[in-house]
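Structure, as structure tokens:
The values are calculated or read from the model by the stated rules, or taken from the named source; none is laboratory data. Only a predicted model underlies this, so the values are computations on that prediction, with no experimental measurement involved. Positions of Cβ are backbone-derived with ideal geometry, glycine not excepted, and every protein chain shown enters the neighbour counts. Surface accessibility is based on the protein's heavy atoms, side chains included, excluding ligands, DNA and RNA. Shrake-Rupley method; radii C 1.70, N 1.55, O 1.52, S 1.80 Å.
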Amino acid sequence: MQALLHAAPSEVTIDQVRRLVAMVGPEAPTIEYKADMTSSIAKAVAALANTYGGLVLVGVTDDRKITGVKEKTIERVAQHCHSTIEPPWVPDIVPVPLDDGSGKYVLVLRVVPGIPPRPLLVEGAAPIRHSNTTHPASWQQLAALFAENDTLIQADPWVIRAPDLPQDGTGNGGKVVDLIVRSGLNIAINPRAAWRPLGEQRVDQLAEALNRSSLVGVLTDLASSGGDATIRKFHRQGHNRSRVIRLQWRGLPPEWKPTDPVPVEALLSAEVPGGYGRTATHLYLHLDVVTRLGFWNALNETRRTFVNGGELDISFPFWRIDIAILGKLMDAVIAALVDEGVVGAIADLAQVDPLAIPQPRVLHMVTQYPVSEILDTSELRVIPDAGNSHGAHLLADPGLDLTDLDNRREQINTWLVQTALDAGLLGMEHRLGTLSPW
């Protein structure tokens, strides 16, 4: 659904529509089927706009048969929406031709969250979606829709703040940190969940889902790159409250002490703001992976230097991340946030349908040293006078389905090329052509 909702119209195919219908099955909170032009289309569009956004597929029957509609239906649907919805609003209509020679189309009506004004009214009422049904908003729901200050930020998947380099208590500040990779989600919660705390069982389910995800395997490999490591799975750690959670994963070498920085760790933080009299509207979630492997390599190399009573002075990095490993790490972070179990647990926290959870659209990488010093550049070329980069702000192609392995690989490759170019490095495209897929 996410790919169909955001892809360029020219990239939407009937095969994508077929796969979506087969996957979703009966109508969901974000999907509605209409066999032909009907007076209920405007209500369906308004209901999606007033809730989570989504798709209306015109030319698909309730029993999920793709029958198509004639081309002239496009104009009828547009006129119907404009004349029926208050204030007048028409969704993006993408005509997708059937491949059976009939000359018919499936009309994909796209209601992107944050684009239409809220509330949209039909016959004086504000329809909303609940499960797979549409009904008028209650007066409390209607009041909440009218009270929204800025509809443009409703579940905006692009609003993910870049991480800050942590200041570790080692006398070296953040210099012990190699890099941080962050992605996250911004989820509009169900109004009925506005005052509900993030309960223990729901948070435990999220931790269990993360521990079953492919991210754990990649983190374990990274933490074990210098030898055996003790693994501590995702668990509550640090600042946890009824509306704030913090889950931590750690990979620790045998010689690790409680006062030492952690070589590899992952942190998931989630917050539902709005306590103490303020109504919550969103669930903000960040997933960070932090590496300090340079610090640990320095301990085991003859290049180490001790100053100030035994503290380690790291004046240059002692570790470079291989391009393939960086690609696997980026892929694992995104894969975790689209993992079915993780998405289901997050949806339960926000009390929304899993189909309403957006895919991650932002990935940040922040490095202590220039990327050209952190990344293995043995097969790359430096652009003269290009300057330094201490990370990358990477945006996903909204037309790619990040649950699909091939689509995700395509996105990661694009990000790696962008990261290299931002760091003044050439040759990444050629290097990726010689690597095995992630």
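Relative to the longest principal axis of the Cα atoms of the chain, the long axis of helix 323-338 makes an angle of roughly 40 degrees. GNM on the chain, alpha-carbon springs under 10 angstrom: the most fluctuating residue among Gly53, Gly124, Gly427 is Gly124.
The calculated P(r) of region 324-438, using every Cα pair and 10 Å bins from 0, goes 13, 41, 29, 13, 4, 0 in percent. D by Stokes-Einstein for region 1-136, Kirkwood Rh over Cα pairs, 25 °C, 0.890 mPa s: 168 µm²/s. Only the Cβ atoms of Lys and Arg (+1) and of Asp and Glu (-1) were treated as charged; on that basis the dipole of the chain about its Cα centre amounts to roughly 880 debye.
Rounded to the nearest 0.05, the FRET efficiency derived from the C-beta distance between Glu410 and Trp139 at R0 = 60 Å is 0.80. Charges were assigned to the Cβ only: +1 to each Lys and Arg, -1 to each Asp and Glu. The resulting dipole of region 27-111 about its Cα centre is roughly 100 debye. Between the alpha-carbon centers of region 365-396 and region 42-85, tell me the distance in whole angstrom. A separation of 46 Å, based on Cα centres.
For Lys104, the lysines whose Cα comes closer than 27 Å to its Cα, not counting residues fewer than 8 places off in the same chain, are Lys34, Lys43, Lys65, Lys70, Lys72.
Relative to the longest principal axis of the Cα atoms of the chain, the long axis of helix 405-422 lies at roughly 50 degrees. Determine the relative contact order of the chain: mean sequence separation of Cα pairs under 8 Å and six or more apart, normalised by residue count, in whole percent. For the chain, the relative contact order is 15 percent.
Placing a label point 7 Å from the Cα of Asn132 along the Cα-to-Cβ direction, the residues of region 1-29 whose backbone N falls under 17 Å of that point are 1, 18-29. Around the Cα centre of region 337-389, unit charges on the Cβ atoms of Lys, Arg, Asp and Glu (plus for the first two, minus for the last two) sum to a dipole of about 180 debye.
Projecting the Cα atoms of Ile187, Leu421, Gly217 onto the charge dipole of the chain, computed from C-beta unit charges around the Cα centre, puts Ile187 farthest toward the positive end.
Selection among Tyr369, Pro261, Ser39 by position relative to the dipole of the chain gives Ser39 as farthest towards the positive end (Cβ unit charges, Cα centre).
Sorted largest first, the spans of the alpha carbon positions of the chain along the three principal axes are 78, 53, 37 Å. Taking only the Cα atoms of region 389-437, the ratio Rg/Rh comes out at 0.99, with Rh defined as the Kirkwood radius.
Estimated purely from DSSP H runs of n ≥ 4, each contributing -39500 (n - 2.57), the mean residue ellipticity at 222 nm for the chain is -9000 deg cm²/dmol once divided by its residues.
Rolling a 1.4 Å probe across the protein heavy atoms gives the chain an accessible surface of 45 Å² per residue.
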